[in-house]
Amino acid sequence: MTRRVVITGLGIVSPVGHSPEQFFSNLMAWHSGIKHLQHDFIDQLAVRIGAPVEDFKPTDHFSKIQLTGIERFSQMALVAAEQAVQDAQLHLDESEYPRVGVHMGCCLGGAATLEEGYIEVFKRDNPRIKPLSVLLSMNNAAASHISIKYHLQGANITYSTACASSAIAIGEAYRQIKHGYAEVMLAGGFEAMLTLGAMKAWEALRTLAACRT
């Protein structure tokens, strides 16, 4: 038996907008999220453009205590998920939690935490790094935070398949509902890898390009 599946709520935090309405409006106005980067490591890069998420203030959404355990990519994922839940007017009772899951796509996860740890150990010869480094950086952290926040007990899977990660997550979430394994799924993707190490790696692969008018 298969069932019809529909999308009932949307959420987004991106270089082009911090809500579905803003995102769509900027796309229709031909506004690009690509721009010159202002990071402090910019002088170490040959290619100095990227798609940063600007004007996103974590303190508008999380307490200082919460931020000690939530990396940037998880922060944006949680905000986008909240938008989608509100847009869908999703209200669950305890009996429904086991039938609601999370499928997300992510390649690298907590790039900033990983890089910070490497700098402390290899550059500063510091044997101590953040105690929560593993929990901050693992690429399924955001999906886990979403499940915890909404008490979801269904399938929780993070797909890491390069540029197809988010598309596969959404497709597999569709299959969960279509074939009766779940009633509701939160699905999408997240990434925050504008760090020196990540940028240098893509630069070395020659997949970044400098453009000018």
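A few remarks follow.
- Among the listed pairs Lys57/Lys123; Lys64/Lys149; Lys149/Lys178, those whose Cα-Cα separation exceeds 22 Å are Lys57/Lys123; Lys149/Lys178.
- Residues in segment 157-197 that a label on Arg48 would reach, taking backbone N under 19 Å of a point 7 Å out along Cα→Cβ: 194-197
- Compared with the dominant principal axis of the Cα atoms in the chain, helix 141-150 is inclined by about 40°.
- Residues Glu82 and Lys57, FRET efficiency given R0 of 25 Å [Cβ-Cβ distance, rounded to 0.05]: 0.95
- Tilt relative to the chain, helix 165-178 - C-alpha long axis, 0 to 90 degrees, to 10: 10
- Separation of the Arg124 and Arg4 label points, Cα + 7 Å toward Cβ, nm: 5.7
- Amide H contacts under 5 Å for Leu10: Asp87, Ala88, restricted to partners 5 or more places along the chain or on a different chain, H placed in the peptide plane at 1.01 Å from N.
- Amide H to amide H, with H built 1.01 Å from N, Thr158 comes under 5 Å of Met104, counting only residues 5 or more places away or on other chains.
- Inter-label distance, Ile148 to Ile34: 3.7 nm, where each label sits 7 Å from its Cα along the C-beta direction.
- Here the Kirkwood formula puts the hydrodynamic radius of the chain at 18.7 Å, using every distinct Cα pair.
- Segment 1-80 shape via C-alpha gyration tensor axes, a/c threshold 1.5: oblate
- All aspartates and glutamates inside 12 Å of Lys35 as judged from Cα atoms, apart from same-chain residues fewer than 8 positions distant: Glu54
- For the pair Tyr97 and Thr207, a Förster radius of 45 Å applied to the C-beta separation gives a FRET efficiency near 0.65, rounded to the nearest 0.05.
All of the numbers you see were taken from the coordinates with simple rules; none came from a lab. What you see is a predicted model; the values in this text were computed from it and never measured. Reconstructed Cβ throughout: ideal geometry from the backbone, glycine too, with neighbour counts over all protein chains shown.
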